[in-house]
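What follows is a short report on a single structure.
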Amino acid sequence: GTRIIYDRKFLMECRNSPLAKTPPSDLPDIPGVTSPSVEELKIENNHVQNCEEKVSAGEEEQFDMDI
């Protein structure tokens, strides 16, 4: 068989293509796999709110840990 070989420069240029940044049009919507699940969105929103509250209160932790 014939093997197609791409050089590094070409591949690095391809990652900036708009086509490479859009998902396929026929991709099914699977929560937690191809789209964030409802629980993940709640956790993420909660985390953002908690971080904003800490900054506004003047308390800043040295390390921010996700549990």
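Every read-out reported here was derived from the displayed coordinates using simple, explicitly stated rules and does not represent laboratory data. Quick caveat: nothing in here was measured; it's all calculated off a predicted structure. Please note: Cβ atoms are built from the backbone with ideal geometry, for glycine as well, and neighbour counts cover all protein chains shown.
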(message) Check which residues have an amide H placed less than 5 Å from Ser35's amide H, if you skip close sequence neighbours.
(response) Ile30
(message) If I model a spin label at Ser17 and Val33 as a point 7 Å from the Cα along the Cα→Cβ vector, what separation in nanometres do I get?
(response) 2.6
(request) In debye, nearest 20, what is the charge dipole magnitude of region 1-40 about its Cα centre with +1 on Lys and Arg Cβ and -1 on Asp and Glu Cβ, if you could check? (result) 440
(message) Using each residue's phi in region 7-18, evaluate 6.51 cos²θ - 1.76 cosθ + 1.60 at θ = phi - 60° and report the 3J(HN,Hα) Karplus result to the nearest Hz, with x for Gly and Pro.
(response) 7, 4, 4, 4, 5, 5, 6, 5, 5, 8, 5, x
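Under the 0.36 nm per residue contour assumption, what length would be gained going from the current alpha-carbon distance of Ser25 and Ile4 to full extension?
This chain segment gains 5.0 nm when fully extended.
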